[in-house]
Each structure stands twice: as structure tokens, then as C-alpha cells.
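The block underneath contains the structure these notes are about, expressed in C-alpha cells.
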Amino acid sequence: MPCEGCMERDNVSTGATMEFLLLGFSELLRLRVLLFLFFLIVHLVTLAGNMMIFMAVVMEPSRPPMLFFLCQLSAIELCYTLVIVPKALLSLAVAEGSTISFLGCAVQMHFFVALGGAECFLLAAMSYDRFVAICQPLRYAAVMSEGLCLRLALLCGLAAFALALGLTVAVFRLPFCRSRRINHFFCDVPAVLHLACTHSYAPELTLLAACLLLLLLPFFLILASYLCIAVALLGVTSPVGRGKAFSTCISHLAITLLHYGCATFIYIRPKSSYSPARDKAVSLVYTNITPLMYPLIYSLRNKEIRGVLRKMLRRKKTAQVNRDTIRVVMCVW
């Protein structure tokens, strides 16, 4: 039963015409210009870094499984930042906040949750790749075939999008209070749930179920893979061999800790502990700083990525030399 002060949604057109107001950083009016410039630069560098890795791997004729998964991860990060950051920059540019339609808010939430969930599942697939590489090195090429990698990537995306759709539908079927002011810079799940005019625990149970499937299930798969890897490394007598095997996992471990640290803090907790200011600060990290760190981690810690980037730069340099040579010849003629 709708509670007192909830918006009437008896007709079909209400959802289409209703709008939310994203307050963004309206409490930081004096810092708006500085924050806008900072996050614009971070956004552009993030796009450039992930695009460079994506293009470098796509142009590589022979792609090992880890490079294939990193390419998928870069594509997810590109979409992830494009879904969130432009609206956040707009909220910084407009002092009183920016509006977003009911449908636009639902679409943004769906893609945000779906892409974040796909990243969780993909991190689990990457941990399985490391498990096979270290624990079953002789069978690695046979097990991690191109077909299996494609099926895993497709399964990660479809599962995340299906679960995100269920969560989004459950959230936006709730009655919302007349105050349509979302104290956030995008339609995050806890911020929208905070506007729901209901005292039942059903919305929290829906969010908890989604978190169990999108966050905890991949996390336990990753944990199981690394427990098996740790047991296998205990049997390696050579410190050099053990260090070399572990070094192949550092990049993946760093990305996993970054991703799960922020996501766990935001989503695996009761609604009563919701704090808009704290949530916005943490959200700034995992929607801006974390995606920026990923290309740096790939390029600094992953030898395969460094090799592919060097090849791409050499090809670009060679192409530039060829173009200059053609121009000289044309001028002579």
C-alpha cells in the first residue's frame, strides 16, 4: 500500500514524465570549477589509457587468454566511465544540480550495475586463467582455448546484464516519496532506495540477493582459485620459480582489491547506515580514480601488455616514417 507523501503512479505516463534531481556536489560551490577540471582531466586520461590497451590488444594477431580478458576489461571500463562521468561533470557545471528522467535514471542504474557485475565475473574468469596457468601449466593451452574464453566472456556479460535488469526493475517498481532529490551525482542503488516510501525490508533483500550473486559469488570463486594457487606454490621449492609464478598474479590481485574494496563498502551494508556524503566520496574513487589506475597497473605489472604496447608504438612509428617518405617522394616528383 502506498505510504503518505508518495508520488501517485496510477497511470502509465507518470514514469515517463517524472524527473529526479541529481544534487551532485551542490554543497561544494566554491570548489566546483576546480573539481570539474580535475575530473575532466582524469576522465580523458582514463579513456585514453583504456582505449590504448583495447586497441593494442585488438591489433595483436595472437592473443593469449589473459590479453583477451584484459581487452574485455578495458572495454567494460570504457563503457563504465561513459555511463557515469559525463553526468557527474554536468552536475559540477550546474550549481543547482542536474535533472534526469525516470527512464534515464533506470537505464543509468541498469548499465552501471551490469557493467560492474560483468567486471566482477570477468575477474573470476581471470582468476581461473591464473589457476590453470600455475596449477596445470602443461594443459594450459588445451584448457584455455579461444572458444572457452569467448564463452566465459559472453557468460559474464549476459549473467551480469540479466541480474542488473532484475535489480533495476525491483528498485523502480517501488513507490517514491515526493522529494525527488537524489543526493548523489548518478543514480546509484542506495541513493535511489533512500527515496523509496516503504518501511519493508523487501528492497534491502533484493539488493542483498543481487550483491550475493554479483559480488560475493565471483569473490568466492576468486578466493578458491587463489587458495589452490597458494597450495600449488607451497610445493615449489625454488624461490625464483615461486616469485615468478606469483608475479603473474599481482596485477589481477591489485585490480580485484581495488574493485571489491569500494563495492563491498557501498553495497554490502544495511540501509540504515546510508550516508550521502560518505557514499559520494567513495563513489568518486571507484568511478574515477579506480578506472584510471587499471591501465597503469596493466602497463606497469603485465609483461604481455608492455610487449603489445611496444609493438603498437613501433608500428605507429614505422607507419609515420613511411608516410613521411611518401611525402618526400611526391615532392621530388
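The values are calculated or read from the model by the stated rules, or taken from the named source; none is laboratory data. None of the values given here were measured: they were computed from a predicted structure. With ideal geometry, Cβ positions are generated from the backbone for all residues, glycine too; neighbour counts draw on all protein chains shown. Protein only, heavy atoms only, side chains kept; ligands, DNA and RNA dropped before computing areas. Shrake-Rupley method; radii C 1.70, N 1.55, O 1.52, S 1.80 Å.
Going through Thr256, Thr237, Thr287 one at a time, which residue ends up being open to solvent by 60 Å² or more (accessible area, probe 1.4 Å) and among the polar types (S, T, N, Q)? Talk me through it step by step, then tell me what you get.
Values: Thr256 fails: open to solvent by 60 Å² or more (accessible area, probe 1.4 Å); Thr287 fails: open to solvent by 60 Å² or more (accessible area, probe 1.4 Å).
Only one candidate passes the filter, namely Thr237.
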Scanning the stretch 147-160 residue by residue, those closer than 12 Å to Ala114 by Cα and open to solvent by less than 70 Å² (accessible area, probe 1.4 Å) turn out to be Cys156, Gly157, Ala159, Ala160
Looking for something within 30 Å of Ser98 (Cβ to Cβ), buried (at least 20 other Cβ atoms within 10 Å of the Cβ) and of a type outside the set (A, V, I, L, M) - is there at least one such residue anywhere in the stretch 219-226? no
Selection count where residues are open to solvent by 40 Å² or more (accessible area, probe 1.4 Å) and part of a helix (DSSP H, G or I), scope the stretch 87-130: 7
Total residues in the stretch 29-46, condition without any contact (Cβ under 8 Å) to a residue 40 or more places away in the chain and aromatic (Phe, Trp, Tyr): 1
Name the residue, out of Val143, Val113, that is at pLDDT 90 or above and within 16 Å of Cys228 (Cβ to Cβ). Val143
Six or more apart or on different chains, Cβ under 7 Å: which pairs go from a residue in the stretch 51-75 that's modelled with pLDDT of 80 or more to one that's outside any helix (DSSP H, G or I) and of a type in the set (Asp, Glu)? Could you list them? Leu67/Glu60
Residues being modelled with pLDDT of 75 or more, closer than 24 Å to Leu115 by Cα and surrounded by fewer than 19 Cβ atoms within 10 Å (Cβ to Cβ) - total across the stretch 196-212: 2
Pull out all pairs, ordered by first then second residue, where Cβ-Cβ is under 7 Å, the residues are six or more apart or on different chains, the first lies in the stretch 161-181 and is in contact (Cβ under 8 Å) with a residue 24 or more places away in the chain and farther than 15 Å from Phe102 by Cβ, and the second is among the small types (Gly, Ala, Ser) and crowded, with 19+ Cβ neighbours inside 10 Å. Phe161/Ala114; Leu163/Gly117; Leu163/Ala210; Ala164/Ala114; Ala164/Gly117; Leu167/Ala210
